[in-house]
Amino acid sequence: GRLRAPAHGVRGAGGRGGAGGGARRRARPAWARPVWSALGRRAPRVDGRLEVEGLEAEVLVRRDRWGIPHVDAASDADAWFALGFCQGQDRSFQLEVQLRAVRGTLAELLGAEALPVDRLTRRLGLRDVATAQLAASDDAARTAIEAFARGANAGRTVGSSGRPHELVLLRRRPSALEPADVAATGPFVSFLLGANWDLQLARMRTLVLDGLAALQAVEPPAPTAQPGQQGPAPRVGQGRGRPAPGDDRPSGGAVPGGLDALGEELALARRLLGGGADAGSNAWAVAGTRTRTGRPLLAADPHLAPTVPVLWYLAHLRTPGWELAGASIVGGPAVPVGFNGHGAFGLTNAYSDTSELVLEDLHPDGRRVRRAGGWAACEARTEVIAVRGAAPVEEDVLVTPAGPVLTPVLDGEERALALRATWLEAGPVRAPVERARSWEDFRAAHESWPSAGLNVVWADASGRIGWQLVGRHPRRRGGAPRLPVPGWEDSGTWAQPRLGLDELPHGLGSSWGFVRSANQAPEGTHPPGVDWADGWRAHRLAEALGDRADWDLDTTAALQLDQLSTAWSAARDAVLALPGVDPAAAAALERLRWWDGVVSEGSAAAALWQLFLAELAVRLLRARAPRSWGWAASRAPLALGGGGFARRRVSWLVGLLVDGGDPVVSAATAALAAAERRLGAGTEPRWGHLRPLTLRHVLGGSPLRRALELGPLPLGGDGTTVAQAMPPLLAPAADPSVVPSLRLVVDVGRWDDNRVSLPGGQSGNPASPHYDDLLEAWRLGDGVPIAWSRAAVAAATRAELTLVPAVPAVPAVPAASEGSARRLRGARLLRGGG
């Protein structure tokens with residue numbers, strides 16, 4: 001459990017260019033924990049014996065000093081029950097928010113502020129989707145989900161003392177988690193990740209307001225893959241990257257209203273629940289030929305919005321048939337980032353083609369949509385949404401043959417946008433990676449996984465490393481669309497059967513001695529998608545991983561904290577060649593001339609670079625899309641300056657700088673001067689002080705906000721660095737859009753040698769010491785081990801709880817039968833019931 005400073009062999013890991021060390025930084029005010037304790041003591045039961053309903057046999061749950069549970073169970077169902085139990089103990093309010101979000105009852109808890117989320121999830125019909133997916137799953141998956149739900153409910157009630165503090169403040173009781181709520185976690189997370197449909201919406205907005213030429217002028221370049229799935233170096237010199245719309249442009253008539261409302265709904269959902277279109281991730285595996293020990297190494301750091309608590313919950317499960325440790329998703333029986341005694345695995349968001357927007361032409365009756373052969377019937381219903389402190393609200397829901405309508409259906413509306421997505425279809429809801437013994441097993445576990453597209457990375461004890469694009473992908477006759485598809489012209493581009501694993505990009509081994517995924521375009525003749533992230537992080541990882549053959553846990557953890565910007569390396573010559581006539585521009589050029597490109601928290605040049613990019617983006621977007629740029633800037637999740645396009649916006653700007661010429665040079669010179677003046681006006685010009693990190697809580701608007709949030713803390717990195725900390729491009733001083741929500745490094749085959757950290761801790765209870773006790777390890781790029789071997793688990797144990805199956809209640813004895821009463825009393829004694 002001792003914190004170890006990572007080695008400084010990678011630039012940005014420490015010293016002058018890194019996050020630094022020193023004393024622990026206070027993440028919350030000193031009065032925060034006593035305030036919560038004064039509101040009531042809620043603590044999980046972690047010692048002794050406890051009877052619970054829903055178990056098949058006794059389960060042992062041991063906790064280490066960080067609150068990480070180690071579960072020994074006699075069956076699969078009991079193992080998943082125990083995971084749900086522990087999550088229910090530690091993340092009760094988070095589970096409440098999630099189950100209400102998928103049900104569309106969040107406004108009943110939080111008030112009118114959450115109403116847009118309920119409207120959105122009611123239109124999506126996530127609970128109906130989950131019910132269908134649960135029915136399509138096999139017995140093992142249903143057993144795991146049902147057991148998890150039972151365990152979560154037990155952990156939230158008998159496993160803990162009192163209600164969560166947030167529910168006490170809101171004067172609400174916990175809701176019972178149902179299997180459909182658990183099954184809905186997959187499609188809900190897929191929806192929050194966005195993938196490609198949100199970019200179709202942003203393009204459509206620009207097309208409507210400013211026209212095709214404007215859309216072509218502001219579209220970032222589309223990344224392409226290089227052979228070997230080592231990903232592209234980012235494309236520069238092609239900054240005017242334009243879509244070739246062709247038939248992509250929606251034809252005929254007006255565009256539906258409600259686009260702004262949809263953007264606001266999605267923004268709120270992502271803010272409250274921690275998803276985001278910017279969500280990315282890093283994951284890589286290094287072969288034994290490049291490690292100090294000769295064993296493979298695996299590293300993973302998924303990127304999500306900075307929230308507390310995070311979406312991940314650490315755990316270690318052991319049954320007679322399998323063993324599994326790592327990061328589970330709160331709300332479900334899955335450990336998608338971790339290790340199982342045979343292999344280690346991580347994942348990244350693929351941004352692949354699993355969804356699209358469909359432009360629907362509505363009949364005047366509001367219940368039919370146009371198709372090539374006439375009018376097709378839709379499912380229409382009205383749902384009532386309860387709102388805390390206000391009258392209930394009715395929401396009209398319409399489901400077309402393509403999928404649920406996302407834009408509000410209003411009287412007189414002629415057009416609407418429907419969402420078609422593979423993850424809204426019926427299909428199995430689990431990938432049983434716990435039983436994977438080999439690369440082939442691991443791939444097979446994801447054969448029918450109906451999530452948004454993911455890249456999964458594997459390394460096993462036999463020395464093999466590999467990666468695979470997974471998720472259900474449509475079989476198209478043409479490429480993935482860049483704009484909404486007209487439903488009345490749909491000619492079967494969303495064809496069955498779905499693409500199989502062998503048809504999706506994948507690879508086993510690498511002549512380079514490593515594989516890695518950083519959301520870049522995968523190699524493939526026809527990779528399913530167009531909206532990949534640019535290659536800055538992927539390029540830097542390839543550069544660093546290929547530079548040495550002595551990787552170990554220390555240096556791998558250091559690489560996760562790398563803050564070197566390859567974007568600056570690509571743009572440097574072009575920026576330094578800008579005219580410095582304005583004194584402020586000349587001062588900015590002098591500051592940047594000596595910058596090493598490390599986006600460290602203590603660097604003033606890094607702060608200047610971010611301000612310059614923001615100023616340049618505003619000038620260029622305003623000039624090229626004068627009507628839509630403001631919407632793009634203010635509606636961040638669907639914006640050209642934020643959200644999905646932010647994944648490639650820096651490539652767009654760097655490409656324009658490299659291309660040069662007026663008016664780009666004039667705009668860049670003015671942006672330099674403006675950035676220098678803005679930087680010089682502040683008392684703390686360093687990057688980590690200009691843009692600190694605050695981890696936000698779902699109740700961030702409450703009077704106790706400061707007692708719930710973690711931070712602000714100085715933070716280095718940006719959206720182009722391995723240490724992901726993407727700022728909103730047009731608001732660089734705002735909180736990062738995404739940060740690493742988890743860091744894991746594993747010495748494959750020597751399973752006790754692993755490090756893991758969260759930006760916070762295991763507990764969602766603000767009065768618990770485990771609310772933030774992993775934050776410092778996360779901030780420093782370090783971690784704590786999840787004990788694996790029996791000896792290591794025994795040594796790490798600080799508390800031990802045995803869960804015992806509850807004895808069924810004995811029915812009351814009829815007064816007329818004293819003999820029966822004696823027999824029943826004897827039965828109680830035999831069962832240990834007293």
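The values are calculated or read from the model by the stated rules, or taken from the named source; none is laboratory data. Note that the structure is a prediction, hence the values are computed from the model and not measured. Using ideal geometry, Cβ is built from the backbone for each residue, glycine included, and neighbour counts are taken over all protein chains shown. Just so you know, the surface numbers come from the protein's heavy atoms only, side chains and all, with ligands and any DNA or RNA stripped out. Shrake-Rupley method; radii C 1.70, N 1.55, O 1.52, S 1.80 Å.
Here are a few things to note about the model shown:
- Selection within region 469-485 - in contact with a Gly (Cβ under 8 Å, 6 or more places away or on another chain) and crowded, with 19+ Cβ neighbours inside 10 Å: Leu469, Val470, Gly471, Arg472, His473, Ala480
- Among the residues making up region 39-62, those that are closer than 22 Å to Ala149 by Cβ and of a type in the set (D, E, K, R) are Arg42, Arg45, Glu51, Glu53, Glu56, Glu58.
- The set of residues in region 794-812 being modelled with pLDDT of 95 or more, aliphatic (A, V, I, L, M) and in contact with an Asp or Glu (Cβ under 8 Å, 6 or more places away or on another chain) consists of Ala796, Ala799, Leu801, Leu803, Val804.
- Residue match in region 504-519 (condition: more than 27 Å from Arg295 (Cβ to Cβ), free of Cβ contacts under 8 Å to residues at least 60 places away in the same chain and open to solvent by 40 Å² or more (accessible area, probe 1.4 Å)): no
- Number of positions in region 422-474 that are within 22 Å of the chain's Cα centre (by Cα) and assigned to a loop (DSSP other than H, G, I, E, B): 18
- Hits in region 335-375 - residues which are among the hydrophobic types (A, V, I, L, M, F, W, C), within 30 Å of Ala480 (Cα to Cα) and out of contact with any Asp or Glu (no Cβ under 8 Å at 6 or more places or on another chain): Val337, Phe345, Leu347, Ala350, Leu357, Leu359, Trp375
- Some residue of region 17-31 being at pLDDT below 75, outside any loop (DSSP other than H, G, I, E, B) and open to solvent by 50 Å² or more (accessible area, probe 1.4 Å): no
- Looking across region 344-376, just one residue is within 30 Å of Ser75 (Cβ to Cβ) and either over 23 Å from the mean Cα position of the chain (by Cα) or among the aromatic types (Phe, Trp, Tyr) (or both), and that is Phe345.
- Pairs where the first residue, in region 119-132, is farther than 9 Å from Phe188 by Cα and part of a helix (DSSP H, G or I) and the second is open to solvent by 10 Å² or more (accessible area, probe 1.4 Å) and of a type in the set (Lys, Arg), C-beta under 9 Å, 6+ apart: Arg122/Arg103; Arg127/Arg103
- Per the conditions (1) open to solvent by 20 Å² or more (accessible area, probe 1.4 Å); (2) assigned to a loop (DSSP other than H, G, I, E, B); (3) of a type in the set (Asp, Glu), the sole criterion not satisfied by Asp353 is (1).
- Strands (runs of 3 or more DSSP E) fully within region 694-778 counting 2 or more residues that are of a type in the set (A, V, I, L, M, F, W, C) and touching a residue at least 60 places away in the same chain (Cβ under 8 Å): 710-713, 743-747
- Within region 435-462, restricting attention to residues that are open to solvent by 10 Å² or more (accessible area, probe 1.4 Å) and acidic (Asp, Glu), the residue that is modelled with the lowest pLDDT is Glu447.
- Annotation note: Cβ proximity below 6 Å between a residue of region 73-87 that is surrounded by fewer than 24 Cβ atoms within 10 Å (Cβ to Cβ) and a residue that is assigned to a helix (DSSP H, G or I) (sequence gap 6+ or interchain) occurs for Ala77/Thr143; Ala77/Ala147.
- Val739 in contact with a strand residue (DSSP E or B) (Cβ under 6 Å, 6 or more places away or on another chain), open to solvent by less than 10 Å² (accessible area, probe 1.4 Å) and among the hydrophobic types (A, V, I, L, M, F, W, C): no
- Selection status of Leu99, open to solvent by 10 Å² or more (accessible area, probe 1.4 Å), part of a helix (DSSP H, G or I) and under 30 Å from Thr400 (Cβ atoms): no
- Among the residues of region 748-778, those that are surrounded by fewer than 23 Cβ atoms within 10 Å (Cβ to Cβ) and of a type in the set (D, E, K, R) comprise Arg750, Asp752, Asp753, Asp773, Glu776.
- Top-ranked residue in region 292-321 [being β-branched (Val, Ile, Thr) and surrounded by 24 or more Cβ atoms within 10 Å (Cβ to Cβ); ranked as farthest from the chain's Cα centre (by Cα)]: Val308
- Filtered residues of region 38-63 (kept if within 22 Å of Thr319 (Cβ to Cβ) and part of a loop (DSSP other than H, G, I, E, B)): Val46, Glu53, Gly54, Leu55, Glu56, Ala57, Glu58
- Residue, nearest to the chain's Cα centre (by Cα), within region 105-118, restricted to residues that are part of a helix (DSSP H, G or I) and surrounded by fewer than 19 Cβ atoms within 10 Å (Cβ to Cβ): Glu113
- Meets criteria (in a helix (DSSP H, G or I), touching a residue at least 12 places away in the same chain (Cβ under 8 Å) and open to solvent by 10 Å² or more (accessible area, probe 1.4 Å)) for Ala135: yes
- Of the helices (runs of 4 or more DSSP H) contained entirely in region 565-648, not one carries at least 3 residues that are modelled with pLDDT of 90 or more, surrounded by 24 or more Cβ atoms within 10 Å (Cβ to Cβ) and at positive phi.
- Region 595-607 residues that are over 19 Å from Ala734 (Cβ atoms), paired with ones that are of a type in the set (Val, Ile, Thr) (beta carbon under 8 Å, 6 or more apart): Gly597/Thr566
- Selection of region 142-153 for residues being in contact with a Leu (Cβ under 8 Å, 6 or more places away or on another chain) and in contact (Cβ under 8 Å) with a residue 60 or more places away in the chain yields Ile145, Phe148, Ala149, Gly151, Ala152, Asn153.
- Selection count where residues are surrounded by 22 or more Cβ atoms within 10 Å (Cβ to Cβ) and either at pLDDT 85 or above or in contact with a Ser or Thr (Cβ under 8 Å, 6 or more places away or on another chain) (or both), scope region 712-734: 15
- No other residue among Gly343, Gly288 is open to solvent by 10 Å² or more (accessible area, probe 1.4 Å), under 29 Å from Trp788 (Cα atoms) and at pLDDT 95 or above apart from Gly288.
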